[in-house]
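Report on the structure given below.
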Amino acid sequence: MPKKRGTSAKKKKKVRLEEAMAYIHSTFNNTIITVTDLDGQVLCWSSAGQVGFKGTKKGTPFAAQKAAEEIIRKAKEGFQLQKVRVVVKGPGSGRETAIRTLQAGGLRVVSIKEATPIPHNGCRPPKKRKV
């Protein structure tokens, strides 16, 4: 039987970062939190669905809290992260809860930036419902 090539387990380097960016994308249906380095390379991510919530429960503040706790665990284990700059996007209910959880979990929030896209009279709205 021939040897398999390229299947050796590669050792991950321990990357130590002092500061990173945390993007909180909060919609009505889900909350997704992504941690990147300052250049924009994704380090880790988590969402309410990945943590174990399904359906309408993904849009709750509690689900966002659990997703943020998972991100804190991943960021501290893998990257020894200390400070984080937060960028919040979207109208969902989990945005404030996620920021508070990041602060309470031992990460120092350096700045919070609001990046929710606001339409300047863009698309035409759908016609009125006839009930």
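General remarks:
- Beta-bridge orientation, the chain: approximately 45 percent antiparallel, per DSSP, counting only bridges with both partners inside.
- Separation of alpha-carbon centers, the stretch 78-131 and the stretch 28-59, rounded to whole Å: 11 Å
- Cβ-based charge dipole, the stretch 19-114, positive-most Cα from GLY59, SER47, SER111: GLY59
- Mean sequence separation of contacting Cα pairs (under 8 Å, at least six apart), scaled by the length of the chain, corresponds to a relative contact order of 26 percent.
- Summed side-chain charge close to GLU114 - residues other than GLU114 whose Cβ falls under 11 Å, Lys, Arg +1, Asp, Glu -1: +3
- Alpha carbon Rg of the chain, scaled by the compact-globule rule 2.2 N^0.38 Å: 1.32
- Using just its DSSP H runs of length 4 or more, each adding -39500 (n - 2.57), the chain gives a mean residue ellipticity at 222 nm of -7500 deg cm²/dmol after division by all residues.
- On Cα atoms only, tilt of 61-79 relative to the major axis of the chain in degrees: 30 degrees
- Accessible solvent surface per residue of the chain, calculated while the other protein chains remain in place, 1.4 angstrom probe, Å²: 74 Å²
- Over the stretch 55-109, relative contact order from alpha-carbon pairs under 8 Å, at least 6 apart, %: 48 percent
- For the set LYS66/LYS128; LYS66/LYS89; LYS66/LYS127; LYS89/LYS130, the pairs lying more than 30 angstrom apart at their alpha carbons are LYS66/LYS128; LYS66/LYS127; LYS89/LYS130.
- Relative packing of 83-92, 47-56, 20-29, which averages over residues the other C-beta atoms within 10 Å, highest first: 20-29, 83-92, 47-56
- Expressed as a whole percent, the accessible surface of the chain that belongs to carbon and sulfur atoms is 54, based on a 1.4 Å probe.
The values are calculated or read from the model by the stated rules, or taken from the named source; none is laboratory data. Predicted model, so just to flag it, every value in this text is computed and none were measured. Don't worry about glycine lacking a Cβ; one is built from the backbone with ideal geometry, like all the others, and counts go over all protein chains shown. Heavy atoms of the whole protein, side chains included, go into the accessibility calculation; ligands, DNA and RNA do not. Shrake-Rupley method; radii C 1.70, N 1.55, O 1.52, S 1.80 Å.
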